[in-house]
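Okay, so here's the structure we're looking at.
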Amino acid sequence: MKIKYYVPLLLCLPLTLFAQSKTSTPTESVLRNIADRIVTSTTYKFINPETKQTYPTTKKLPTTNKVRVESQYNDWHYTNGVLNIAMLELAQKTNDKKYQNFVHKNFDFVFNQGNLDYFQKRYNEALKEENGLRKVRDVSWYMYFRGVRLDDNGPMGASLIEVYKQQPNKEYRKYIDGVAHHLMEQEPRLPDNTIARLWPHEMTIWADDLFMSVSFLARMGKLTGDAKYLNDAAQQVIQFDKYLWDDAKKIYYHCYHSDTKEHGVAYWARANGWMFMAQADLLSVLPQSHPKRNELLQIFRRQADGIARYQSESGLWHNLIDKKDSYEEVSAAAMYVFGMATGVKNGWLPVDYGYVAEQGWNGIVKYIGTEGDVTGVCTGTGIMPSLTFYYKRPTDKNTPMGEGPVLRAGVAMLDLPKYVDPPAEKKYPDIQSGEWRKRIK
């Protein structure tokens, strides 16, 4: 008998074999605790870090003043782009508009209250000084004004697309179109069109950048209906997979240096998470008829399989995935849980991957306090040719770097039925009759 193809039997099982999770209500409570803490702690004010004096507006403030936004959640940063997306997803899932209003208010604070002009002047003045490119980092929203890296405009632009769909605003659309132009026409790329950075080596591919680019491209494609954005997003997934996948370890390297044609030293957990989350976002909007969809599904399933192999007893994953002596890390686990849960619910993954997501979420919850404090999140991490660099990365508490992914993971878990391994007679109802043979011919 010639076997033409094989579909995993578990993938064919109906979702009725799931039992509804009993942790839905506790999960929502956890998410609300995190989100409510963020909402109530965001001040929409400015502060002089030296005098500690706060200001409700930048109007009439001299540009020599060292005033900054007071709350980290009001900053213009890629991590807040992820947080914004997560808060909008939470609002939709819970039908609670206060989380949506939080995101809208943040963008209004930036665009529509005259604050941009103040920091634009500060930014321009800093550029004129010696080492100006470094000094601009002291200016709030410098990433907005710089706008030359995916960190500057990718995820923030992606979240602004979601806001624009709910609240059309010509200034928002102007920014969105500017990001699209930069990404498609000005972002550094290799000759084969793969997105790369100019550092730490000339034209280095960072795994992180798959999310920084695809998060925007996928949403821009859906917003405009222009296939070029989805086509580029699909091609980036395929290219990043080609350059970064290690078939022996079944996970991704953090980077690839195109000048030396060598991989970096680390299999960093969050880098793998960025790639997994990016793929889930793209598959969620990619038309069923897209010519690259099947190839993308194969890449997604292969990574899911690889990630699952490294899950620790606690349900979490180590900061260096293949190094059990590195600490367990929450943000990467959240990205994996988000991808696994999203994959199962959409039929991209076999239903038993819901168990991986469930165990991952259980591990994450242990790092969330009763007041919604999120701990165990690896701080922002660059690239170094030494594993010591990754081993020594500190962890942060209550940072959008982890809060956004954790909220996205939890929202994905809210309607994921709890996996229950069915008895053999239900798993293979036609085993005695032999009808199963027809499915694999």
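Checking each residue of segment 186-194 against the condition of being in a helix (DSSP H, G or I), farther than 19 Å from PHE145 by Cα and out of contact with any helix residue (DSSP H, G or I) (no Cβ under 6 Å at 6 or more places or on another chain) gives no match.
For ILE38, the requirement of being touching a residue at least 60 places away in the same chain (Cβ under 8 Å) and either within 15 Å of TYR123 (Cβ to Cβ) or of a type in the set (A, V, I, L, M) (or both) is met. The numbered conditions (1) in contact (Cβ under 8 Å) with a residue 60 or more places away in the chain; (2) open to solvent by 70 Å² or more (accessible area, probe 1.4 Å); (3) closer than 28 Å to LEU198 by Cα are all true for LEU133 except (1). Residues in segment 298-312 that are open to solvent by 20 Å² or more (accessible area, probe 1.4 Å) and in contact (Cβ under 8 Å) with a residue 12 or more places away in the chain: 8 in all.
Working only within segment 65-122, note down all residues that are polar (S, T, N, Q) and free of Cβ contacts under 8 Å to residues at least 12 places away in the same chain. Result: GLN92, ASN95, ASN101. Of all residues in segment 396-436 being modelled with pLDDT under 95 and of a type in the set (Lys, Arg), which is nearest to ASN80 (Cα to Cα)? Taking the candidates together, the pick is LYS418. Scanning segment 313-367 for residues that are open to solvent by less than 30 Å² (accessible area, probe 1.4 Å), part of a helix (DSSP H, G or I), β-branched (Val, Ile, Thr) and within 24 Å of ARG393 (Cβ to Cβ) yields VAL330, VAL337, ILE364. For segment 214-250, a residue qualifies if it is buried (at least 24 other Cβ atoms within 10 Å of the Cβ) and either among the aromatic types (Phe, Trp, Tyr) or within 18 Å of ALA332 (Cα to Cα) (or both), and the qualifying residues are VAL214, SER215, PHE216, PHE240.
Condition check ((1) among the β-branched types (Val, Ile, Thr); (2) over 20 Å from the mean Cα position of the chain (by Cα); (3) modelled with pLDDT of 95 or more; (4) closer than 20 Å to ILE195 by Cβ) across all residues:
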site	(1), (2), (3), (4)
ALA218	no, no, yes, yes
ALA227	no, yes, yes, yes
ASP232	no, no, yes, yes
ALA271	no, no, yes, yes
SER289	no, yes, yes, no
ASN294	no, yes, yes, no
GLN311	no, no, yes, no
SER314	no, yes, yes, no
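Scanning segment 44-83 for residues that are under 23 Å from ASN112 (Cα atoms), open to solvent by 50 Å² or more (accessible area, probe 1.4 Å), assigned to a loop (DSSP other than H, G, I, E, B) and of a type in the set (Ser, Thr, Tyr) yields one hit, THR64.
Can you find even one residue in segment 261-276 that is closer than 21 Å to LEU217 by Cβ and either part of a loop (DSSP other than H, G, I, E, B) or small (Gly, Ala, Ser) (or both)? It would help to see each step written out before you state the result.
Going through segment 261-276, the residues closer than 21 Å to LEU217 by Cβ turn out to be 270-276.
Next, only the ones that are either part of a loop (DSSP other than H, G, I, E, B) or small (Gly, Ala, Ser) (or both) stay: 271, 273.
Within segment 261-276, one or more residues are closer than 21 Å to LEU217 by Cβ and either part of a loop (DSSP other than H, G, I, E, B) or small (Gly, Ala, Ser) (or both).
Go through segment 374-412 and report how many residues are open to solvent by less than 40 Å² (accessible area, probe 1.4 Å) and either more than 16 Å from the chain's Cα centre (by Cα) or among the hydroxyl-bearing types (Ser, Thr, Tyr) (or both).
Filtering segment 374-412 for residues open to solvent by less than 40 Å² (accessible area, probe 1.4 Å) gives 374, 376-383, 390, 398-412.
From the residues that got through so far, the ones that are either more than 16 Å from the chain's Cα centre (by Cα) or among the hydroxyl-bearing types (Ser, Thr, Tyr) (or both) too are 374, 376, 379, 381-383, 390, 398-399.
Selection size over segment 374-412: 9.
Residue count for segment 137-150 satisfying the condition of being of a type in the set (A, V, I, L, M) and surrounded by fewer than 20 Cβ atoms within 10 Å (Cβ to Cβ): 1.
The values are calculated or read from the model by the stated rules, or taken from the named source; none is laboratory data. This structure is a prediction, so every number in the text was calculated from the model and none was measured. Every residue, glycine as well, gets a Cβ built from its backbone with ideal geometry; the counts of neighbours run over all protein chains shown. Side chains included, ligands, DNA and RNA excluded: accessible areas come from the protein's heavy atoms. Shrake-Rupley method; radii C 1.70, N 1.55, O 1.52, S 1.80 Å.
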